[in-house]
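The values are calculated or read from the model by the stated rules, or taken from the named source; none is laboratory data. Predicted model, so just to flag it, every value in this text is computed and none were measured. Neighbour counts are summed over all protein chains in view; Cβ atoms, including those assigned to glycine, are modelled from backbone coordinates with ideal geometry. All accessible areas refer to the heavy atoms of the entire protein, side chains included, with ligands and DNA or RNA removed. Shrake-Rupley method; radii C 1.70, N 1.55, O 1.52, S 1.80 Å.
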Protein chains: 2
Amino acid sequence: MGKVYLIGAGPGAADLITVRGARLLERADVVLHDALVEPAMLDYAPHARKIAVGKRCGKRSTAQHFINKQIVDAAKEHGLVVRLKGGDPMLFGRADEEMRALEAAGIEYEVVPGITAALASAASLRRSLTLRGVSRSVALATHSRAPDSAEIREQVNADSLVFYMGRDSAPEIAQQLIDAGRAGSTPVAIVEACSTPRERMLTLTLDGLAAGDAQLWLDASQPSLLMIGDAFAERVSSGQSDADAEHDEAALRVA
Amino acid sequence: MGKVYLIGAGPGAADLITVRGARLLERADVVLHDALVEPAMLDYAPHARKIAVGKRCGKRSTAQHFINKQIVDAAKEHGLVVRLKGGDPMLFGRADEEMRALEAAGIEYEVVPGITAALASAASLRRSLTLRGVSRSVALATHSRAPDSAEIREQVNADSLVFYMGRDSAPEIAQQLIDAGRAGSTPVAIVEACSTPRERMLTLTLDGLAAGDAQLWLDASQPSLLMIGDAFAERVSSGQSDADAEHDEAALRVA
């Protein structure tokens with residue numbers, strides 16, 4: 001029986017995988033990878049048999065069952081099996097099903113985390129997800145179909161909101177957040193195909209997003225991330241020094 | 001004028017930095033690193049001058065101003081300057097202040113994301129942060145001091161909750177979540193010093209956390225993460241196959 005490593009490939013760029021992930025790929029006998037994983041990432045594994053699994057869009061249970069079986073079968077035949085998943089395995093990744101299948105088969109496994117798109121997108125945007133005095137929390141959510149407003153209002157709330165794969169429902173998400181009390185002027189950033197040569201970014205407001213301003217810009221064939229909150233505002237380069245800002249903050253506290 | 005790279009060191013283990021981060025460290029002339037960064041991480045940068053900056057606990061503005069100045073000064077003297085920050089620079093990292101200082105000084109910079117502790121802790125726990133039918137969203141928040149209950153109830157909400165540095169306020173956080181309607185039986189996992197040789201994990205319930213059951217276990221000298229939600233429950237190894245689970249789910253939908 002071999003050992004299986006569930007490895008997060010990160011957001012796209014081959015050099016945004018972890019050192020641990022890259023070293024394991026070098027030694028891998030078999031790599032079962034998401035279709036979304038960039039081809040350059042597979043160059044880390046020159047000796048491995050590479051098998052594309054999963055679907056870009058739509059996730060049918062039968063497909064997941066087949067992936068589980070492929071992983072278990074590979075571990076019965078090979079020493080080091082890598083299941084390479086886009087982003088981080090533990091976020092929106094169906095890792096639970098794969099871990100259950102490995103546990104049921106008595107196969108040893110380990111999980112190697114990956115850079116999730118929210119972190120890589122914040123790096124590309126040069127905007128911190130949390131910001132002193134502005135944002136102290138971040139929620140990560142997904143909506144492959146339009147959510148109901150109660151869910152956004154009551155079940156997902158934080159200063160900064162990041163929606164994975166929110167493309168089709170972007171205008172609805174925006175309208176529901178406005179209905180729930182977020183200002184229409186709240187900054188929104190969209191990052192598409194983060195960290196790949198196809199990366200594009202768009203900044204607008206919640207009002208603009210609700211009005212459908214981003215829909216023509218968005219490319220349905222690429223993954224995209226919706227980032228919503230005051231932390232994503234443009235930084236004003238006022239020439240004001242940090243010391244001045246500190247002084248103003250102190251003045252505000254006195255006032 | 002040199003170029004500055006704000007690099008996420010990841011949760012602790014030296015091989016959980018990205019390949020990009022490790023390669024930049026190899027070429028770095030100067031590395032300004034958080035005190036929390038593991039010593040082994042600095043072995044990637046054999047030629048660089050290493051300067052420990054920042055504080056383990058407590059963040060005074062004067063200290064941050066001094067760090068900003070050190071980074072800017074280093075970039076005026078050297079070609080490749082790395083600012084190595086624990087975890088991911090864009091989450092609870094004060095990167096905004098550093099980016100502002102670099103922009104004000106007209107210094108070129110880039111941000112390289114890092115594995116944040118929530119992802120690495122989920123990998124160590126072997127629990128997915130999101131889980132089909134259980135958890136569709138994750139909130140990441142921090143509380144270095146006791147939060148007020150309104151904040152937790154209204155400003156931070158998602159299926160899975162992860163609190164960074166919540167050690168001192170863990171019982172209050174738990175009680176406020178119970179008061180806000182979360183079941184006392186909700187699973188809680190605490191991961192301390194994630195991915196380092198000192199890593200330890202504790203699982204309990206929200207009731208237990210509120211009662212202070214984790215306080216003696218926690219080591220004040222180590223960073224820790226509170227993970228709260230049904231996604232962190234023990235997996236029942238019932239021997240039930242995925243196909244059966246699928247069948248049960250279908251039955252539930254009919255019922």
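The residues neighbouring B:Leu125, those whose beta-carbon lies less than 15 Å from its own, together hold a net charge of -3 under the Lys/Arg +1, Asp/Glu -1 convention. Distance between the 7 Å Cα→Cβ label points at A:Arg23 and B:Ala63: 3.1 nm.
For A:Asp230, the solvent-accessible surface with a 1.4 Å probe is about 90 Å², rounded to the nearest 10.
Let's test the formula: R0 of 41 Å, r as the Cβ-Cβ distance of B:Arg132 and B:Asp207. What FRET efficiency results, to the nearest 0.05? E between B:Arg132 and B:Asp207, to the nearest 0.05, is 0.95. Volume of the convex hull of the stretch A:85-226 (Cα atoms only), normalised per residue: 134 Å³. With a Förster radius of 45 Å applied to the beta-carbon distance between B:Arg200 and A:Leu216, the computed FRET efficiency rounds to 0.30. Rg and Dmax of the stretch A:3-112, based on Cα coordinates, read 12.5, 34 Å. Once each part is reduced to its C-alpha centroid, what is the distance from the stretch B:89-104 to the stretch B:1-43 in angstrom? Taking the Cα centre of each part, the stretch B:89-104 and the stretch B:1-43 sit 16 Å apart. Give the interface area between chains A and B as buried accessible surface, both sides summed, probe 1.4 Å, in Å² to the nearest 100. Adding both sides of the contact gives about 5400 Å².
The heavy atoms of B:Glu199 offer some 60 square angstrom of accessible surface to a 1.4 angstrom probe.
The stretch B:161-207: percent of C-alpha pairs farther apart than 12 Å? So the pairs more than 12 Å apart make up 65 percent of the total in the stretch B:161-207.
Which FRET efficiency, nearest 0.05, do A:Ala104 and A:Ala35 yield, Cβ-Cβ r, R0 30 Å? Before the final figure, lay out the partial values.
Values: r = 25 Å, r/R0 = 0.85.
That pair, A:Ala104 with A:Ala35, gives E of 0.75.
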